[in-house]
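Engineer: There's a structure below that I have some questions on.
The values are calculated or read from the model by the stated rules, or taken from the named source; none is laboratory data. Please read these numbers as outputs of a predicted model, since none were measured by experiment. Every residue, glycine as well, gets a Cβ built from its backbone with ideal geometry; the counts of neighbours run over all protein chains shown.
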Amino acid sequence: MNEKELGIRFAAGDEPELEEVIGVYGERLLRYSTSILCNHQDAEDVVQQVFLLAYQKRGSFDGRHLSAWLHKITYTRSINHLKKRKTLLFGDIRQFGEATTNPFEEGAVNDDFMEALGRLKAEDRALLYGRIMDEQSYEELSQVLGRSPAALRKQYERAKKKLAGLLNAKGEFLERGRRNECEQI
């Protein structure tokens, strides 16, 4: 079954269709929200709200682009949650290692990457996550983030450069520290 068929069935359906949508999109939306919020427990709460809202609003949904619709709701809810917390930076990056369910694939990201990613704006994190981890096209991201694909391409390139710069700066700092340690020996 394809996304369009599932979307049409969900728009006209009831609880069995909701359960199917949760089964298909639950983990993906949880990883997406976690990448924005940097807190697995908060992301779980947001994703529950997303499915509840989607179920309540299914009558106004046309059934097309179910994935983009759910990602847009997740993005909006995640950003609103960040605003409530009054911070757009990652909280405790180390929480990912303590979570019982790792929201990212094993070995996909390391501590330096997460720390550098945490220094970016939430929208840049969402864009990078969508392109890299979810492999979404600029057209799909355009529906989620409400910006043109061309603007998102430009923003993606800038965010990627900034992330690379942060990772390089971190590497240079660590390398200087190692040199200093060696000089002391």
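Engineer: Can you tell me which residue in the range 33-69 is surrounded by the most Cβ atoms within 10 Å (Cβ to Cβ), limited to those that are among the aliphatic types (A, V, I, L, M) and more than 19 Å from residue 130 (Cβ to Cβ)?
Structural biologist: 53
Engineer: Further question: So, of the residues in the range 96-122 that are in a loop (DSSP other than H, G, I, E, B) and hydrophobic (A, V, I, L, M, F, W, C), which turns out to be modelled with the lowest pLDDT?
Structural biologist: Going through the qualifying residues, I end up with 99.
Engineer: Could you grab the pairs with beta carbons closer than 7 Å, sequence gap of 6+ or different chains, first residue in the range 151-165 and over 17 Å from residue 113 (Cα atoms), second one part of a helix (DSSP H, G or I) and aliphatic (A, V, I, L, M)?
Structural biologist: 152/127; 152/141; 152/145; 155/127
Engineer: Kindly provide the set of residues from the range 123-138 that are free of Cβ contacts under 8 Å to residues at least 12 places away in the same chain and either among the basic types (Lys, Arg) or not in a loop (DSSP other than H, G, I, E, B) (or both), ordered by number.
Structural biologist: 132
Engineer: State all residues of the range 1-27 that are at pLDDT 90 or above and among the charged types (D, E, K, R); if no residue qualifies, say none.
Structural biologist: Selection gives 5, 9, 15, 17, 19, 20, 27.
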